1. Taking the simple approach of a point 7 Å from Cα along Cα-to-Cβ for both residue 87 and residue 192, what is their distance in nm?
2. Please compute the modelled spin-label separation between residue 225 and residue 297, points set 7 Å along Cα→Cβ, answer in nm with one decimal.
3. With charges set only on the Cβ (+1 for Lys and Arg, -1 for Asp and Glu), what does the dipole of segment 116-188 come to about its Cα centre, in debye to the nearest 20?
4. With the cut-off at 28 Å, tell me which of the pairs 71/179; 71/153; 84/191; 121/179 have Cα atoms farther apart than that.
5. Determine the relative contact order of segment 6-107: mean sequence separation of Cα pairs under 8 Å and six or more apart, normalised by residue count, in whole percent.
6. Under a 5 Å amide H to amide H cut-off, with H placed in plane at 1.01 Å, what residues pair with residue 188 once short-range neighbours are removed?
7. Would you list, by chain and number, the lysines whose Cα falls below 26 Å from the Cα of residue 271, excluding same-chain residues fewer than 8 positions away?
8. Which residues does the label zone of residue 26 cover in segment 50-81, counting backbone N under 12 Å from a point 7 Å along Cα→Cβ?
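Values quoted throughout were computed directly from the atomic coordinates according to the rules given, and no laboratory measurement underlies them. Here the structure is a predicted model, which means the values were calculated and not measured. Counting neighbours? That spans all protein chains shown, and the Cβs are built from the backbone with ideal geometry, glycine included.
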Amino acid sequence: MPAPTLLALLLTAAPLDVARKAVEELRCPEAFAALDELDAATGLNIADNVARLELRAVCLGVQKKPQAAEKVFRELVWVSPGAKISDEYGPRVRTPFLEARAFIEEQAGLSAREVTLDETKTHLTFPRDPLNLIARIEVRWRRGAEELVFEPKLPATEAPAPWKPGEATAAVARIYGAKSRLISTVELDPKLPPAPAAAVVEPAPAPQSPRFRPAMWSFFALAAVSLGTGIAFDVRSYDADRALGSAQRDGEGRITNLDQRDAFALEQRVKTDAAVRTGLYVTAGVFAVVALVLAIAGAP
């Protein structure tokens, strides 16, 4: 459908302005005369068509013609689902509007006036038309630099898209009413979504041995050896100390059943073994702490 010329816009703007002014001043006969001119005009755009319907329905409501007003309001709500009526209008206008809105919502849904394209981009769905307002539907689509037009045979609720998968680069659907009035236009996206890339599964990393494990076990072994040796010296020191404690002594405390050299050797062993035992225990503790630190630091 070619765009309206400047002359056509000028010719339709004047009666619309006259109708608006007449409705504001509640001069409905003058408003109807201007609206009749608009009804005869061809190629009205969406905004002018919506204004034409609203002004006529308001005047019919003001003149206490609720059934006629509701009929026009039904067309208005179907053409413009977001249409609203000012709170300044009284029940004569608002009641037919609300009843018309409820009717369209029940019969067609408030957003059912658009052509839609399914997820496969190859199937078109057309709006429900309980008022028989659709005169034709035009789907224009591009194939490279070439523009093609597809008009489904009405009445129809759905049809295969005219393009093959991946063939169309752009598309737009337009719904026209009587006298080529534009009711709705919607951009369609015929391009197929890219196929999802195959998921790359990375192999799980091979389990690694904790760091410092050889050193850790070495220090644990040294700690065990030190501890065992310390226990051996502890036992030897205990035996020597027990032998000294059970020796016979005279009144001055001197050992009488051992010669002086053996008694002195036992005393020295007790002292030496006790010192060595303590040192080995401390060394075992140090080695154990180092091994524990290495185990924590080298954990994966």
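1. 5.3 nm
2. Taking the simple label geometry, residue 297 and residue 225 are separated by 2.1 nm.
3. That gives segment 116-188 a dipole magnitude of about 260 debye.
4. Flagged as over cut-off: 84/191; 121/179.
5. 21 percent
6. Under 5 Å from the amide H of residue 188: 171, 172, 173.
7. none
8. Only 62-64 pass the distance filter.
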